[in-house]
1. What ranking of TYR209, TYR118 comes out by heavy-atom accessible area, probe 1.4 Å, highest first?
2. Over region 149-272, with the other protein chains present, what is the accessible area per residue in square angstrom, probe 1.4 angstrom?
3. Whenever you get a sec, line up TRP203, TRP133 from highest to lowest accessible area (probe 1.4 Å, protein heavy atoms).
4. R0 = 30 Å: FRET efficiency of LEU278 with GLU53, Cβ-based, nearest 0.05?
5. Quick one: grab the alpha carbon gyration tensor of region 135-291, order the square roots of its eigenvalues as a ≥ b ≥ c, and give me rounded if a/c is under 1.5, else prolate or oblate depending on whether a/b is larger than b/c.
6. Keeping all protein chains in the complex and leaving out DNA, RNA and ligands, what accessible area do you get for ASP63 with a 1.4 Å probe, in Å² to the nearest 10?
7. At a Förster distance of 30 Å, what's the computed FRET efficiency of GLU235 paired with PHE124, Cβ-Cβ distance as r, to 0.05?
8. Defining a contact as two alpha carbons under 8 Å apart and six or more residues distant in sequence, what relative contact order in percent does region 42-149 show?
Amino acid sequence: MLVFASGGSVGNRKRSGRRQRREPIRRMIPPARVPGSQRPHRPDETAMMPLFEHSPMFGRLVDAPVELVPLLAVLAVLHQAQSGMPVGTCVPTSHQVSGALRHLGFEAEAVAACATLYRVTDTFTEVSEVGVWKRPPVVHPDGTTNGHMVVWTPSFAQLVDATLVQDPLLLAAAQADPVYSTPVFVEVPTDRREFLAAQPVAWLDDHLYASWVLLPDWTRRMDPVLEGEAGVVVELGALGLATDALRLIAAVGEDRDLDALPVRCPRLGALLQGKEQLPKLPAEPSSHLDPGVGAAPMNISRESR
């Protein structure tokens, strides 16, 4: 599958929010300095994802609610492909995830947002941001942006932030424990108006949590990131992600009962039963595409589940 490289800018501010826990992570966050108001834009200093043999996301497929298995499969395939790669840019990654989910028959869309990460101790609270909120995002000449983007999928009632690990605080923790590099997702309303008015909060462990402000009016401002070859690569990446996720869902179905999925999503059921097919991926990348733009093979084996 295809994965984009490089990250966005990070700033600081405080924002209150109600706690909403996700599955707790046991390891403590190592101390880290809070970044300044904006992280310098340095394309030659690319942050790297931790290297791992198997994504921690695969383990969640074993006992997750059946209705969440397709979403988790997409995120597991994405995260596995990111092992040891440059940290993904939010815009292409979000469009790949949303595109993959649509290929499988689910509703999903990329939405501009600003994420705030909080680390709370007994004596202080450390705050940093991924994205901007005071003024519209800027797209740099190299295709990166100081904005941020997430995925809203009403089919699963979830907000997905696949690149929150861009934040230096979270990336430092991920080097010690790759679970901190996994995509973050949190339950949100399925109604669009209610979703856009929400300020979701997700606890990552006992001391670290994130919140999001949604900025849909700025979503199209980041479209230049997808212009030209980049847009073609993202489309192929979304299809590749869907193709590998479908294989993974079928493999998971050998070990647990997923019979409810075709009822909940007829399109996915038809794909699993071979009654419908995903579009074919090209055997080789088109000659006009840059072969160095984040290509990574994905091989799903029984041992990786």
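1. On the way: TYR209 30, TYR118 10 Å².
The ordering from most to least exposed comes out as TYR209, TYR118.
2. Working: 4680 Å² over 124 residues.
Solvent-accessible surface per residue comes out at 38 Å².
3. Details: TRP203 5, TRP133 95 Å².
Ranking TRP203, TRP133 by accessible area, largest first, yields TRP133, TRP203.
4. Numbers: r = 27 Å, r/R0 = 0.91.
FRET efficiency, LEU278 to GLU53: 0.65.
5. Values: a/c = 1.56, a/b = 1.16, b/c = 1.34.
Taking the square roots of the gyration eigenvalues as a ≥ b ≥ c, region 135-291 is oblate.
6. Spelled out: ASP63, probe radius 1.4 Å, area about 120 Å².
7. On the way: r = 45 Å, r/R0 = 1.49.
Approximately 0.10, to the nearest 0.05.
8. Relative contact order comes out at 21 percent.
The values are calculated or read from the model by the stated rules, or taken from the named source; none is laboratory data. Predicted model, so just to flag it, every value in this text is computed and none were measured. For neighbour counting, all protein chains shown are included, and Cβ atoms are generated from backbone atoms with ideal geometry for every residue, glycine included. To get the accessible areas, we keep the full protein, side chains included, count just its heavy atoms, and leave off ligands, DNA and RNA. Shrake-Rupley method; radii C 1.70, N 1.55, O 1.52, S 1.80 Å.
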